[in-house]
Amino acid sequence: MTTTEEKADDLAPGTTPYYARMHKWIKRAVLVCLVALVIEGAFTLPFMAVYYGYPTLSLTEICSELLKVRYSDDALECQVPYPALGAPEGAEGKDTAQDEWGIQPVPKYNRIGFRELVRIHEEREARMAASNPD
């Protein structure tokens, strides 16, 4: 037979025999949650890219279109690769945004629908082509 001292030697540091079973189940639950978060994170970018129009637009074009919509400035472009000592993301466009700034900012841009960035991008290119008849 094992004594309580021998059982206590098998436990992780800081775990008493009384709470050993609870700690085991907490470890398992945390491990399941971490695996679920990794899987969710792995599928988020591909699904969002397709939602915004990935096959038609590149990831850089999607990023640029999101910046243009968010900050209401057609001159903003995503910088790839981003400069190591550059300004924080969005700092350059914050003054053109039409949002209500405060403790809890309220965005004033419309919600972007399924593959709507493709339409916005094509309309912007058509406007630029019409204004520059070269």
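Think of a 1.4 Å ball rolled over the protein heavy atoms: the range 9-134 then has 78 Å² of accessible area per residue. Across the chain, C-alpha contacts under 8 Å between residues 6 or more apart give a mean separation that, scaled by the residue count, equals a relative contact order of 20 percent.
When the helix-only estimate is applied to the chain (DSSP H runs of n ≥ 4, each -39,500 (n - 2.57), divided by the residue count), what is the mean residue ellipticity at 222 nm, nearest 500 deg cm²/dmol? That comes out to -17000 deg cm²/dmol. With each label modelled as a point 7 angstrom along the Cα→C-beta vector, the residue 15-residue 130 pair spans 6.9 nm.
The range 85-134 and the range 18-35 have their alpha-carbon centroids 45 Å apart. For the chain, the fraction of 1.4 Å probe accessible surface lying on carbon and sulfur atoms is 62 percent. For a 4.7 Å threshold on C-beta separation, the list of partnerless cysteines in the chain reads 33. Extension gain, residue 75 to residue 26: 0.36 nm times the residue separation minus the Cα-Cα distance gives 12.6 nm.
For the chain, complete DSSP H runs whose alpha carbons reach 24 Å or more along their own long axis and whose mean Kyte-Doolittle score is 0.0 or higher are 20-52. A straight chain from residue 50 to residue 89 at 0.36 nm per residue would run longer than the Cα-Cα distance by 11.8 nm. Note on the chain: Cα convex hull, mean projected area over all directions, 15.1 nm².
The values are calculated or read from the model by the stated rules, or taken from the named source; none is laboratory data. All values reported here derive from a predicted model rather than from experimental measurement. Glycine also receives a Cβ, built like all others from the backbone with ideal geometry; neighbour counts cover every protein chain displayed. Remember, those area values only see protein heavy atoms, side chains included, never the ligands or the DNA or RNA. Shrake-Rupley method; radii C 1.70, N 1.55, O 1.52, S 1.80 Å.
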